[in-house]
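A.B. asks: Structure incoming, see below.
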There are 4 protein chains.
Amino acid sequence: MDKTKKQWQLNLYKIINESDTIQGRVFDIVMVVSIVLNSIVIIAETVEPIRISIGEILMTLQWVFVVLFTFEYILRILIVENKKKYVASFFGVVDMMAILPAYISIFMPSIRLLALFRTFRLLRLFSILKMGRYVEASGNLLKALRASRAKITVFLFTIFFVIVVVGALMYIIEGPENGFVSIPESMYWAVVTVSTVGYGDISPQTPYGKTLASMLMIVGYGIIAVPTGIITSEIALVDRKAREAKTSATCVTCGRKSHKEDAVYCDKCGGKL
Amino acid sequence: MDKTKKQWQLNLYKIINESDTIQGRVFDIVMVVSIVLNSIVIIAETVEPIRISIGEILMTLQWVFVVLFTFEYILRILIVENKKKYVASFFGVVDMMAILPAYISIFMPSIRLLALFRTFRLLRLFSILKMGRYVEASGNLLKALRASRAKITVFLFTIFFVIVVVGALMYIIEGPENGFVSIPESMYWAVVTVSTVGYGDISPQTPYGKTLASMLMIVGYGIIAVPTGIITSEIALVDRKAREAKTSATCVTCGRKSHKEDAVYCDKCGGKL
Amino acid sequence: MDKTKKQWQLNLYKIINESDTIQGRVFDIVMVVSIVLNSIVIIAETVEPIRISIGEILMTLQWVFVVLFTFEYILRILIVENKKKYVASFFGVVDMMAILPAYISIFMPSIRLLALFRTFRLLRLFSILKMGRYVEASGNLLKALRASRAKITVFLFTIFFVIVVVGALMYIIEGPENGFVSIPESMYWAVVTVSTVGYGDISPQTPYGKTLASMLMIVGYGIIAVPTGIITSEIALVDRKAREAKTSATCVTCGRKSHKEDAVYCDKCGGKL
Amino acid sequence: MDKTKKQWQLNLYKIINESDTIQGRVFDIVMVVSIVLNSIVIIAETVEPIRISIGEILMTLQWVFVVLFTFEYILRILIVENKKKYVASFFGVVDMMAILPAYISIFMPSIRLLALFRTFRLLRLFSILKMGRYVEASGNLLKALRASRAKITVFLFTIFFVIVVVGALMYIIEGPENGFVSIPESMYWAVVTVSTVGYGDISPQTPYGKTLASMLMIVGYGIIAVPTGIITSEIALVDRKAREAKTSATCVTCGRKSHKEDAVYCDKCGGKL
């Protein structure tokens, strides 16, 4: 590989992976818009009346996006140092899964499979996560979630435990004659109930079942409060730290520390913070 | 425009837009009561038994309110400096939309359209928002919501992303034979489920669908905790600042700062705060 | 009224209204147990199989409680200074409403009315609120709720506004043919949806209705976070104040202030706090 | 009992009840895996298609687990000092209930009873709670819940009170003809509604019933906020204390107090904290 080719690669790398340059920014916007439009087309195509009236147009648009995404996929392979690592990475697999089924569908024109494969392209929505700004904006939220990881695991384990026990009890109490045909089915009912969704496709019929269900709902009240408490406490902490970090910023001009939260200029020397 | 007319305009302006004078207060109350009564009349008229028994009276009342609102609309145009700006403003459009359909309905007596146009007058409820006190009272709440705008946007984007992906997956897993007739329909189901509303008009029938739905509900648990955490953290902060603002009030008599939260008199010189 | 009678009155007053003496405590417990048992009897009597098998026994028990409550009501009138004030007070009316219908039912033996009047006796449950301990224990919770009264009013007003507007919109979009037979009915649907109850007795059928409903649900997410935020913020504040009140307790022996939260003895002079 | 046997008992005791040694750790893992696998087998057996295809294999696996749990139960009895205390303890009863029904089922081969007895073995899931790590990890959460015990009791009492009163009112308003066949049934509906589950198996049909239900839902909004507020406030406090405990750790080398939250080394003398 000669030097000039490397320079060309480097420029492309900057455009595709960074958004400091104008070209990089344009590339980002074009790709995000394409991904969103592609998703809308795929979603629209599953609606019967739309498929009948403008199905042909949507079909053409889909191939345009497939070609575009294929082109992007090839570019990405060309510019990265470690090609194998990219292809095997999460986003590499997502990028490939979004285009491969389209090419397979040419040789396997089963209508059911076609529909299924098309929806795979929705996976490209994950690519938007690569865009730095979104990740940056959600920084504090992610920090709060990560900090409360241990507590949430304990919470989820407890929930799962409650669901297994209540599911088994309801299977015994209500039985298959009232829609609780198996323990997994009963556990599905317990999830629907404790999460307060309550479809009503399965619901207790006997007085004992109704009493147990009522107790589960009242307890579910307290349960729903726990993750909220965990995350609220963490968000409040992360927020406080972010504010403290700002107020304890050191003035580069005079060295003064501890400024007001909304200070833009140092209140001792007037230098910009 | 001569000087005396301007004085007359100014007085009217004060009555209509401010509530310092007795006349201004009376005008405010009359308009709020009219808007609320008008809304009750419109709502009541859609109820079959009420329409049959006292439909005529309600019809008459409606015209009384239309005339009143028309009178107010003309007054408002007369008193404002920049008439075009008011007519094109949000409240200007709302005020007009609330009366125009009534006059159109005279010339187009289609019953269906009539009902539709009448409900437009409910828009006048928005006018209550103009009343200063309500906006003032909700000050801290709005501040908290505005401060958490960025985080809520990230949260809504994440929710939307989850709904698209889960909606597409459920469309593939369950398919039209189980009520998931299209991806938009599946997305509607996902919204109904993740918000824990759970109508039960569409619900998963296959074991795989039920498993995915259960996972969505458990995740929905954590998800519902996030906006609560964000807003709680902000409300707590805004509350604390409001309290601190009060405790750091400077005494006008002696210049002493940092008083107790519920202090009415300065604890140094006894001067009223 | 002679002196001796007053003493007798005073003793009874202490027994009935205070719980410092043993007799007062026994009276309290007997009344609470009677009220709870009476409630269970009334609730049980509405269940068909129970009424058929032990209806006679329940009927007898009811009359026992009626006589007991009548006796208590007469006692209360006898001992209070201002008899008119008690009879017209909230608890006075509750106490009377709980026994009067039973006597009326002797002369008006309509079965439907009988059932209705009996349930009135459940009102006596409110009397438990009179017992000091319960009110005391819920002190901090009530303080938090009272402090956030203004914000919750603004919140409820906003919710009501959203329900009227969305209800009217859904009535126009879906119409009587899809179950939205009137604006009040649509408003009922909006309440069921925004509170995430979601019975599914009425649910949107058209694409536009489903889109608006989805938006309401997502917004409902944010909305449900607001009262939680308000109350959490207040409870946290009330808790903090309660702790601070304890830590700032002044030692009666040496006058030292600001002790540790769990301190029982003064850490300066060793005197009990 | 001679000394050597005691040593053998002691070693077994360490393996079974502690997880410091390698053997103890292996024993823990084997038991947890067995309990989980056993649960999966029992749950799977209630699913009709699975029972038909691999029912024999599941049956054999169940007996393997019964023998294993029996062996463990005997071991536990052998090693503990106070054998009666263990047998009568919560975990002793759970351990016995998990194996006894299997042996009874040999002599009472009723199919219905068999299924019921098998699910009893799910009780062994509770044994996982004995494993120290899980309890340790959930320490702070439990502390927060325990601290808010008093407030949650008041809250649950209030909820129960609301459910009784609203249940009785709805029974009077709607009556048996609309599905509210008794007060307990109405109370079940009230629980389903106030917990926002909303199955829709019973729902108000009359305008008055719908109005009362709407009020209950709106109030339920505020109600659901209360336990969240309580638990959030406590979790935030417990978290703060845990952080403060860390930051106020005294350095064993130099005696310095108040370190940074994430400090691992003392910032004065460099000694490990």
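A short reminder: the numbers here are calculations on the coordinates, not readings from a lab. Predicted model only: the values in this text are computed from it and were never measured. No Cβ is skipped: glycine too gets one built from the backbone with ideal geometry, and neighbour counts run over all protein chains shown.
A.B. asks: So if I restrict to the alpha-carbon atoms in segment A:167-206, what is the Rg, and what is Dmax, the biggest pairwise distance, in Å?
C.D. replies: 8.9, 24
A.B. asks: Okay, next question. Once the other residues with Cβ under 11 Å from the Cβ of D:G92 are scored (Lys, Arg +1; Asp, Glu -1), what is the net sum?
C.D. replies: Its environment carries a net charge of +3.
A.B. asks: Taking 25 Å as R0, compute the FRET efficiency from the Cβ-Cβ separation of B:F91 and B:V64 and round it to 0.05.
C.D. replies: Once the sixth-power term is evaluated, E becomes 0.70.
A.B. asks: For segment D:44-113, what's the relative contact order in percent, using C-alpha pairs closer than 8 Å and at least 6 residues apart?
C.D. replies: Reported relative contact order: 23 percent.
A.B. asks: Percent of Cα-Cα pairs more than 17 Å apart in segment A:160-230, please.
C.D. replies: It works out to 35 percent of all Cα pairs.
A.B. asks: Now for a separate question. Please list the equivalent ellipsoid semi-axes of segment B:13-67, computed as the square roots of five times the alpha-carbon gyration tensor eigenvalues, in descending order and whole angstrom.
C.D. replies: Details: eigenvalues 188, 18, 9 Å².
That gives 31, 9, 7 Å for the three semi-axes.
A.B. asks: Moving to a separate point now. When every alpha-carbon pair in segment D:58-98 is counted, what percent end up more than 15 Å apart?
C.D. replies: 42
A.B. asks: Residues in segment A:191-225, backbone N under 18 Å from the label point at C:I52 (7 Å along the Cα-to-beta-carbon vector): list them, ranges by number please.
C.D. replies: Residues passing the 18 Å test: A:206-208.
A.B. asks: Step through the table entries B:K143/C:K241; A:K151/C:K241; B:K14/C:K151; A:K151/D:K241, compare each Cα-Cα distance with 19 Å, and write down the pairs that go over it.
C.D. replies: Listed pairs above 19 Å: B:K143/C:K241; A:K151/C:K241; B:K14/C:K151.
A.B. asks: Suppose R0 equals 22 Å. What FRET efficiency, 1/(1 + (r/R0)^6) with r the Cβ-Cβ distance, do A:T206 and A:V162 give to the nearest 0.05?
C.D. replies: Efficiency for this residue pair is about 0.60.
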